[in-house]
Structures are given as C-alpha cells and as structure tokens.
1. Inside segment 1-56, can you point out the residues that are over 19 Å from A88 (Cα atoms), touching a strand residue (DSSP E or B) at 6+ places or on another chain (Cβ under 7 Å) and of a type in the set (S, T, Y)?
2. Which condition from (1) over 30 Å from E32 (Cα atoms); (2) modelled with pLDDT of 95 or more is the one that P135 breaks?
3. Please enumerate the residues belonging to segment 28-53 that are farther than 20 Å from I100 by Cα, hydrophobic (A, V, I, L, M, F, W, C) and in contact (Cβ under 8 Å) with a residue 60 or more places away in the chain.
4. Hey, can you tell me all the residues within segment 134-153 that are within 20 Å of T174 (Cβ to Cβ), in a helix (DSSP H, G or I) and touching a helix residue (DSSP H, G or I) at 6+ places or on another chain (Cβ under 7 Å)?
5. Filter segment 12-40 down to the residues that are farther than 25 Å from S107 by Cβ and of a type in the set (A, V, I, L, M, F, W, C), then identify the one that is nearest to the chain's Cα centre (by Cα).
6. Looking at N67, N84 in this structure, which one is on the phi > 0 side of the Ramachandran plot and at pLDDT below 95?
7. I need the full set of residues from segment 154-169 which are outside any helix (DSSP H, G or I) and surrounded by fewer than 17 Cβ atoms within 10 Å (Cβ to Cβ), in order please.
8. Can you pull out the residues in segment 87-102 that are of a type outside the set (D, E), farther than 24 Å from K171 by Cβ and either modelled with pLDDT under 90 or part of a loop (DSSP other than H, G, I, E, B) (or both)?
Amino acid sequence: MKKINSVEEYIEVNAHFAEELKILRDIIISTELEETIKWSAPAYCLNGKNVLGLGAFKNHFCIWFHNGIFLNDEHQLLYNAQENKTKAMRQMRFESKNDIKEAAVLSYVKEALENQRLGREIKPTKTTKKDVVIPDLIKDVITSNTEFKTAFKALSPSCQREYCNYIIEAKRDTTKISRLEKIKPMILKGSGLHDKYKNC
C-alpha cells in the first residue's frame with residue numbers, strides 16, 4: 001500500500017468519496033482536534049492521544065472513534081466493526097453524501113473530544129501466561145494424546161496462545177477442525193504457528 005503523507009493525498013487516493021471525506025474533515029477540524037496522518041490515514045488527536053480517524057473503502061467511508069464505547073450514541077449511528085475483538089473502538093459508517101447528518105456528526109465528535117479531555121479511555125491490557133485460553137478441540141487432543149500434550153506444554157505461552165487463537169477465531173466448526181488438523185504436526189514438531197517470521 002502506498003504511503004500517505006497528508007490528508008489531501010488520502011482524499012486524492014480515495015477520489016470516489018472525495019467530496020464526502022472533505023465534508024467530514026471540515027466538521028472535525030472545526031473543533032480543536034489536531035489533524036495528522038497515522039497508519040496512512042487521517043487521524044485526529046487531543047494532546048497526542050488518538051480520538052478519531054477517517055476511513056474510506058470501496059463501498060463506504062467512515063469515522064473511527066477510538067473510545068467510541070463511551071459515546072451516548074443518541075442517534076444509534078455507531079457499531080462495533082470487529083465484534084469480539086474491539087472493546088473500545090466504534091465506527092460511524094456512511095455509504096453516500098446523503099447519509100451525513102452534519103449536526104449529529106459534530107455532536108459525536110465534540111462528545112468524543114470531551115471524553116478524551118476527561119480521560120475516558122480503555123487502556124490496553126498486557127497479556128500474561130494466564131491469558132492462554134485453550135479451546136475444547138485442543139483440550140480433547142491434549143487429553144487423548146500424551147505426545148501431543150507434552151509437545152503443546154513445551155511451547156512458549158505466546159506460541160500456545162497463537163495456536164489457540166487460530167482455532168478460536170475460525171467461525172465454522174468445519175474450519176476449526178481443518179485448522180486443528182493443519183497445526184497438529186506443527187505442534188508435535190515443536191514449531192510455532194508463525195515460525196517463518198519469528199522464533200518461538
């Protein structure tokens with residue numbers, strides 16, 4: 001992906017929503033939020049803390065509220081774009097210029113700004129060894145296969161967590177089972193799920 005160096009460049013790259021992004025940008029910069037680029041997209045901060053960001057995709061554009069969970073959402077405009085993954089972030093999604101209710105957008109932006117000023121945010125929690133949640137499929141193999149149990153226990157906690165999450169994140173049972181079959185020989189070999197990128 002091309003590195004974006006300015007908001008103007010981001011809007012130019014996403015020309016199919018250029019007018020709409022400019023409208024949202026004008027609403028946001030009418031407040032005291034500081035405009036910058038983070039992760040190759042427009043970001044808006046207060047005293048260096050992320051408050052919200054703009055995003056454009058093929059069929060929609062949006063505002064990301066980093067701590068949107070604290071917004072009142074009076075107009076029911078927010079939703080969690082990554083259920084079970086994102087605790088705090090909420091998205092306000094639009095598909096056309098007609099979806100933008102400027103007064104409502106401004107009220108949400110101002111509330112997010114005020115929440116940040118008050119320090120209302122979910123801080124990321126550090127993971128520990130206790131955070132390894134072993135799914136039932138892996139538990140069953142551990143119970144029935146001593147060799148597998150020994151190999152799994154010998155992995156570092158981070159490698160155990162990666163394997164467990166790989167199973168947990170599959171939506172269908174058939175996918176979970178096929179993933180389990182794929183990782184069994186890797187675990188027996190003592191390999192990590194991402195060994196080609198790092199060493200467990």
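1. S6, Y10, T36
2. Of the numbered conditions (1) over 30 Å from E32 (Cα atoms); (2) modelled with pLDDT of 95 or more, the odd one out for P135 is (2).
3. L46
4. Matches in segment 134-153: L137, I138, V141.
5. Out of the qualifying residues, it is W39.
6. When all the criteria are applied, what remains is N84.
7. S156, E169
8. Of everything in segment 87-102, those that are of a type outside the set (D, E), farther than 24 Å from K171 by Cβ and either modelled with pLDDT under 90 or part of a loop (DSSP other than H, G, I, E, B) (or both) turn out to be S96, I100, K101.
The values are calculated or read from the model by the stated rules, or taken from the named source; none is laboratory data. Predicted model, so just to flag it, every value in this text is computed and none were measured. Using ideal geometry, Cβ is built from the backbone for each residue, glycine included, and neighbour counts are taken over all protein chains shown.
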